[in-house]
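Visitor: Please find one structure pasted underneath; my questions will follow.
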Amino acid sequence: MPRSGEDARRRLQQAALELYRERGFEQTTTAEIAARAGVNERTFFRHFPDKREVLFAGEADLRAALTQAVAEAPDGLQPFEMLLRAFRRAGLILEENRSFSEPRLEIIAGTPTLRERELAKNASLTQALAQALRQRGISDQVADLAAQTGWATFHHALESWIEDPSQSVDEHLAQAFDGLRVLSATAGSSPTQTKD
């Protein structure tokens, strides 16, 4: 059986997903993951620092893809439109890896310690997007608000995609951002209430 780096990494991820679904994340050991993947435990630790990172590997690549898409967005776009372009790029990556993306989200949702890790990673990615917007000349306050709101909308679209794979991530993103635009327009047209 081949033991190339990329092949071993893929098999370790697949083995981990299978075991997490069968036994639960907490009950699975790195030795068991390595054994199912057909490698030794030392090989596991060459690819992942711990068993959580099997599910979170690729954050640096995702951060780079998102921030590059914001940096390359045409001049004149509003912050949400820049973010939509970035999330579409990320969506393509997720679609290509649906066999990993779907069970990953399911495992994280069912494991409190992983949800905490996911929140921390999401906060880091949101900050990176806000910084990318600032570098495009967006003010601090608007960049932060756009990144946080955009990230929540992105996650809403991903959840919809998992529930309804008959539409692409891109279609779910378009619908979610349409909803965000409706909310923004409604908020902008509401009369200001004052206290008597």
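The values are calculated or read from the model by the stated rules, or taken from the named source; none is laboratory data. The model shown is predicted, which means the values in this text are computed figures rather than measured ones. Here Cβ is always computed from backbone atoms with ideal geometry, including for glycine, and neighbour counts include all displayed protein chains. Areas reflect the complete protein model, heavy atoms only, side chains present, ligands, DNA and RNA absent. Shrake-Rupley method; radii C 1.70, N 1.55, O 1.52, S 1.80 Å.
Visitor: Out of curiosity, is SER168 within 26 Å of SER184 (Cβ to Cβ), modelled with pLDDT under 95, of a type in the set (Ser, Thr, Tyr) and in contact with a His (Cβ under 9 Å, 6 or more places away or on another chain)?
Guide: Working: within 26 Å of SER184 (Cβ to Cβ): yes; modelled with pLDDT under 95: yes; of a type in the set (Ser, Thr, Tyr): yes; in contact with a His (Cβ under 9 Å, 6 or more places away or on another chain): no.
No; evaluated as a whole, the condition is false for this residue.
Visitor: Going through segment 133-145 one residue at a time, which ones are assigned to a helix (DSSP H, G or I), in contact (Cβ under 8 Å) with a residue 40 or more places away in the chain and either over 12 Å from LEU83 (Cα atoms) or open to solvent by 10 Å² or more (accessible area, probe 1.4 Å) (or both)?
Guide: Taking segment 133-145 first, the residues assigned to a helix (DSSP H, G or I) are 133-135, 140-145.
From the residues that got through so far, the ones that are in contact (Cβ under 8 Å) with a residue 40 or more places away in the chain too are 133, 135, 142-143.
Answer for segment 133-145, where residues must be assigned to a helix (DSSP H, G or I), in contact (Cβ under 8 Å) with a residue 40 or more places away in the chain and either over 12 Å from LEU83 (Cα atoms) or open to solvent by 10 Å² or more (accessible area, probe 1.4 Å) (or both): GLN135, VAL142.
Visitor: Just checking, does segment 109-118 include any residue being open to solvent by 50 Å² or more (accessible area, probe 1.4 Å), in a helix (DSSP H, G or I), among the polar types (S, T, N, Q) and under 24 Å from SER168 (Cβ atoms)?
Guide: Checking segment 109-118: not a single residue is open to solvent by 50 Å² or more (accessible area, probe 1.4 Å), in a helix (DSSP H, G or I), among the polar types (S, T, N, Q) and under 24 Å from SER168 (Cβ atoms).
Visitor: Yes or no: segment 67-75 includes at least one residue that is of a type outside the set (Gly, Ala, Ser), open to solvent by less than 20 Å² (accessible area, probe 1.4 Å) and at pLDDT below 95.
Guide: Step one: of segment 67-75, the residues of a type outside the set (Gly, Ala, Ser) are 67-68, 70, 72, 74-75.
Retained after the next criterion (residues that are open to solvent by less than 20 Å² (accessible area, probe 1.4 Å)): 70.
Okay, now just the ones that are also at pLDDT below 95, so none.
Checked segment 67-75: no residue is of a type outside the set (Gly, Ala, Ser), open to solvent by less than 20 Å² (accessible area, probe 1.4 Å) and at pLDDT below 95.
Visitor: A further question on this structure: Could you check, for segment 163-173, whether at least one of its residues is buried (at least 16 other Cβ atoms within 10 Å of the Cβ), within 13 Å of the chain's Cα centre (by Cα), without any contact (Cβ under 8 Å) to a residue 24 or more places away in the chain and under 30 Å from GLN14 (Cα atoms)?
Guide: So far as segment 163-173 goes, no, none of its residues is buried (at least 16 other Cβ atoms within 10 Å of the Cβ), within 13 Å of the chain's Cα centre (by Cα), without any contact (Cβ under 8 Å) to a residue 24 or more places away in the chain and under 30 Å from GLN14 (Cα atoms).
Visitor: Name the residues in segment 86-108 that are among the aromatic types (Phe, Trp, Tyr) and either open to solvent by less than 20 Å² (accessible area, probe 1.4 Å) or in contact with a Ser or Thr (Cβ under 8 Å, 6 or more places away or on another chain) (or both), would you? Show your work before the answer.
Guide: Our first condition is that a residue be among the aromatic types (Phe, Trp, Tyr); within segment 86-108, this holds for 87, 100.
Listed by number, the list holds a single entry, PHE87.
Visitor: Of all residues in segment 1-30 being in a helix (DSSP H, G or I) and without any contact (Cβ under 8 Å) to a residue 12 or more places away in the chain, which is least open to solvent (accessible area, probe 1.4 Å)?
Guide: Taking segment 1-30 as the starting set, the residues that turn out to be in a helix (DSSP H, G or I) are 5-23, 30.
From the residues that got through so far, the ones that are without any contact (Cβ under 8 Å) to a residue 12 or more places away in the chain too are 6-7, 10, 22-23.
Working: GLU6: 105, ASP7: 29, ARG10: 128, GLU22: 115, ARG23: 108 Å².
Once the filter is applied, the top-ranked residue is ASP7.
Visitor: Would you tally the residues in segment 31-48 being outside any helix (DSSP H, G or I) and in contact (Cβ under 8 Å) with a residue 12 or more places away in the chain?
Guide: 3
Visitor: Can you list residue pairs whose Cβ atoms sit under 7 Å apart, with the first residue in segment 97-126 being closer than 18 Å to GLY24 by Cβ and the second being modelled with pLDDT of 90 or more and assigned to a loop (DSSP other than H, G, I, E, B)? Count only pairs 6 or more apart in sequence or on different chains.
Guide: ILE107/PHE25; THR111/PHE25; LEU114/PHE25; LEU114/ARG52; ARG117/ARG52
Visitor: Restricting attention to segment 61-73, does a residue exist that is of a type outside the set (A, V, I, L, M, F, W, C) and farther than 19 Å from ASP170 by Cα?
Guide: Our first condition is that a residue be of a type outside the set (A, V, I, L, M, F, W, C); within segment 61-73, this holds for 61, 63, 67-68, 72.
Those left that are additionally farther than 19 Å from ASP170 by Cα: 61.
Yes, there is a match, as at least one residue in segment 61-73 is of a type outside the set (A, V, I, L, M, F, W, C) and farther than 19 Å from ASP170 by Cα.
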